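Trainee: Handing you a structure now.
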Amino acid sequence: MPTLCEVSGAPLPENYPGDGVSLWPVLSGKGERVKEHVYVWYLRSGQTWARNVDYGVLLNNWNNKYTYQKFTGHFAKKNLKFDSVSEREQTVLTNLKSVIDDMAKEPISVRVAAYNVEFGKNASPEEIGKMFKPYNLDIIGFNEVPDGEWTARVGKVLGMKHTYVGKISSANHKDKYKSILSRTPLQSTFEHELTVQRKRSWNPASVVRAVTQINGIPISFYSLHICRSTDSHNTGHAYRLANEILPKDKTDRIIVLGDFNNEMGDHALEEIQQAGMRATWEDLKIDVSKEFTYNALDPTKNHGVIDHIFYSTKSKAKVTEGGIIELKKALSDHKPVWAEFSFPKNLK
């Protein structure tokens, strides 16, 4: 984003530490006395401490506050009074608002990851958090995750405070829960059980779901761990997800990720695609037939790529980056996968 100086055409003072913040006195030509200053706060898009807000302007002349705040694609104008704003200040403010209005039309970037951590057997939450740190993720879906504070401990390393941990442990094994870690608050949290009556399935299985708002746009996020089912019979965990759960989700932007225990081309994943979902691999031009996500600890016994990230086609998203995270030292028997999405704000 441009600085306030760039927006208004004013030069940045030499060695000025603000880099576009609190520069209103400079822009408006006001004096050095504190009482004459009108400060401008300019929140840059992508700042990790407020990812749920795009950008804003705050003018404060001691008695009056003027704010522009972007929510759900629109600016809410609160207490806008320009009786004390000079013509010069009005020009700068108009230029700034024009830039912000243009930026409100820009797509939203969302970075996600999925990781089966094998009940934390091979690495601590802190080690996994450190591994993920360079990716600047917005949401992570874990599976085979320990109960309790394990997910929150990863979040502490990453500065991600919001968690949801399910209550169903895969196959009733110890510490094989599903969880969501998010930089933005989680709403409408729920766990769907996916148990089926078929001989070749382990049960119970489940998927945890939450909705979060990033830059005012709601995103429905699912983290799962399901059993392999390659036949065409209308059973299996993937079938239930595709036919009973996803069709009921009316959110425009949906992400489903986790350990599917199926490879691309398997009937189970075709069911999910037929439910309006698309895998990231094709967009990323990654030939998954030549890769694997399991077994990271013993590559000679690999089962191909069975960890995936899907997104709803109705979201009109573009996958701009992502792939399989290759580690020098494996932290689990699975490899983590990640993706960056560009979601348009207007779907009309």
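Trainee: Grab the Cα-Cα distance for Glu193 and Glu321, subtract it from 0.36 nm times how many residues apart they are, and report the gain in nm with one decimal.
Mentor: Details: separation 128, 0.36 × 128 = 46.08 nm, distance 3.15 nm.
Full-extension gain reported as 42.9 nm.
Trainee: Let me ask another. Evaluated at 20 °C with a viscosity of 1.002 mPa s, what Stokes-Einstein diffusion coefficient in µm²/s does segment 209-329 have when Rh comes from the Kirkwood expression over alpha-carbon pairs? Don't jump to the answer; show the numbers that get you there.
Mentor: Numbers: Rh = 15.2 Å.
In µm²/s, the coefficient is 141.
Trainee: Starting with the fewest neighbours, write out Lys335, Lys314 ranked by other beta-carbon atoms found within 10 Å of each beta-carbon.
Mentor: Numbers: Lys335 23, Lys314 13.
So the ranking, lowest neighbour count to highest, is Lys314, Lys335.
Trainee: If you rank Lys174, Lys161 by fewest surrounding Cβ atoms within 10 Å, what's the result? Walk me through the intermediate numbers first.
Mentor: Details: Lys174 9, Lys161 13.
The order, fewest Cβ neighbours first, is Lys174, Lys161.
Trainee: How many percent of all Cα-Cα pairs in segment 295-346 sit more than 14 Å apart? If you can, show how the numbers build up before the last one.
Mentor: Numbers: 790 of 1326 pairs.
For segment 295-346, the fraction of Cα-Cα distances above 14 Å is 60 percent.
Trainee: While we're here: At most 12 other Cβ atoms within 10 Å and a DSSP loop assignment: could you name the chymotrypsin sites (Phe, Trp or Tyr not before Pro) in segment 120-223 that fit? Intermediate values should be presented prior to the final figure.
Mentor: On the way: sites: Phe132, Tyr135, Phe142, Trp150, Tyr164, Tyr177, Phe190, Trp202, Phe221, Tyr222; in loops: Trp202.
Counting only loop positions with at most 12 other Cβ atoms within 10 Å, none of the chymotrypsin sites (Phe, Trp or Tyr not before Pro) in segment 120-223 qualifies.
Trainee: Note down the nm distance, to one decimal, between modelled labels 7 Å out along Cα→Cβ at Glu106 and at Lys301.
Mentor: 4.8 nm
Trainee: Continuing with the same structure: Rounded to a whole number of µm²/s, how large is the Stokes-Einstein D of segment 108-343 at 37 °C and 0.692 mPa s, given Rh as the Kirkwood radius over C-alpha pairs? Walk me through the numbers on the way to the answer.
Mentor: Numbers: Rh = 17.4 Å.
The estimated diffusion coefficient comes to 189 µm²/s.
Trainee: Please give, to one decimal in nm, the separation of the simple spin-label points placed at Leu347 and Lys285, each 7 Å out from Cα toward the Cβ.
Mentor: Label at Leu347, label at Lys285, 2.9 nm between them.
Trainee: Got a sec? How would Asp138, Asp147 order by Cβ neighbour count within 10 Å, fewest to most?
Mentor: Asp147, Asp138
Read-outs throughout are calculated quantities, based only on the coordinates presented, and are distinct from any laboratory measurement. Computed from a predicted model, the values in this text were never measured in an experiment. Counting neighbours? That spans all protein chains shown, and the Cβs are built from the backbone with ideal geometry, glycine included.
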